[in-house]
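Take a look at the structure set out below.
What follows draws every value from the coordinates through simple rules; no lab data is involved. Note that the coordinates shown come from a computational prediction; the quantities given were computed from them, not determined experimentally. A quick note on method: Cβ atoms are made from the backbone with ideal geometry, for glycine too, and the neighbour counts reach across all protein chains shown.
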């Protein structure tokens, strides 16, 4: 991180799950001035900034990326030397219900930020322009699905299968175009599924912990055969900052643990960990797995090669799945106020993305005791 110790860093989506992990890391380990651009939607959490909240080195700007004048004003006034672009609508199920919101935020919002940076960068000195970096933080979902034992490489074609993945892919293409056309020095990253503290309970792992805490069953899409790689969020943050400091302009880096799990294996392991943790609190655990109708367009398997990141920068995830799972379950059980707050904000653990019926016959809920 020596190259960004004194930089002025703009983090979009810095109050979100991954963004707040980045802010915490930077605040604790550098002297950087940090500006957070965040719309403060339902998925944002100011508490996730922890001790960085209120610091003179960290300022939160409640701005919507779609508001082009406000975005441009912030960039001109803050004068960043590094942009870490995470702000996005991220939940696949919500993208099924409201795809145009994802297009507006993820594509048009990214275009607004790119234009703001292009105008700002044009007024920099040659040295300042050379030092400037944009890190485009994307997802493995843009590649679509891949069969075992293959892995996506950095030059794999985009084949998105959900409105969310398509909108993220569109944003990536815009950044690449602004790099090639206007010279904005961009680096691209794709991460596998993240987990850890402060993740909104609409996501798989915190949702299962929420359900188990309340004594409800664990809902699993289809038969749970989808395969994902899982990365502890602090490992992702560390990788992003390493890439920002030492990554090559134009290069694509895959950030992944290499630890694959089917969804049903994940839920079974999480349920067992949760059962032991609840027993230590003298709370019964009677939850069972319940298979529900699958998500439309649900990709079967994601898997990426992290060779470039490992060979060029020497990065590997430091948190194993077993250790990360234990830490994650313990954090949520030790912070029941987190779920209480989300409930007060209106989230009840309900499912999104079910306003349409997938092609074919509907699948009824199936109760399965395990």
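Things worth noting here:
- R0 of 22 Å, Cβ-Cβ distance residue 350-residue 300: FRET efficiency to nearest 0.05: 0.30
- Taking only the C-alpha atoms of the stretch 92-145, the Rg (one decimal) and the largest Cα-Cα distance, Dmax (whole number), read 15.5, 46 Å.
- Per residue, the convex hull volume that the Cα atoms of the chain enclose (Å³): 134
- Beta bridges from DSSP with both residues in the stretch 9-84: antiparallel share about 0 percent, rounded to the nearest 5.
- Panel order for 158, 232, 221, by other beta carbons found within 10 Å of each beta carbon, from fewest to most: 158, 221, 232.
- Rel. contact order, % - alpha carbon contacts under 8 angstrom, at least six apart, the chain: 18
- If you take the alpha carbon atoms of the stretch 195-283 and fit the smallest convex hull around them, that volume is 125 Å³ per residue.
- Each pair of Cα atoms in the stretch 259-332 enters the Kirkwood radius, and Stokes-Einstein at 20 °C and 1.002 mPa s then converts it into a translational diffusion coefficient of 140 µm²/s.
- In the stretch 1-141, the inverse of the mean reciprocal separation of distinct Cα atoms equals 15.4 Å; this is its Kirkwood hydrodynamic radius.
- Length-normalised contact order of the stretch 173-327 in % [C-alpha pairs under 8 Å, at least 6 apart]: 35
- Across the stretch 238-301, the volume of the C-alpha convex hull divided among the residues equals 156 Å³ per residue.
- Antiparallel beta bridges, as assigned by DSSP with both residues in the chain, represent about 10 percent of the total such bridges.
- Cα pair count fraction exceeding 16 Å, expressed as % - the stretch 308-349: 60
- The Cα atoms of the stretch 59-173 cover 48, 31, 21 Å along the three principal axes, with the biggest extent listed first.
- Cα coordinate range in the stretch 70-114, projected on the principal axes (Å, largest first): 37, 16, 12
- With respect to the chain, whose longest principal axis is taken over its alpha-carbon atoms, helix 263-280 is tilted by about 80°.
- Alpha carbon Rg of the stretch 1-64, scaled by the compact-globule rule 2.2 N^0.38 Å: 1.01
- Over the chain, DSSP H runs of length four or greater, each weighted -39,500 (n - 2.57), average out per residue to a 222 nm ellipticity of -12000 deg cm²/dmol.
- Based on the Stokes-Einstein relation at 20 °C and a viscosity of 1.002 mPa s, and on the Kirkwood radius from alpha carbon pairs, the stretch 109-234 is assigned a translational diffusion coefficient of 123 µm²/s.
- Between the stretch 83-148 and the stretch 20-47, the C-alpha centres lie 17 angstrom from each other.
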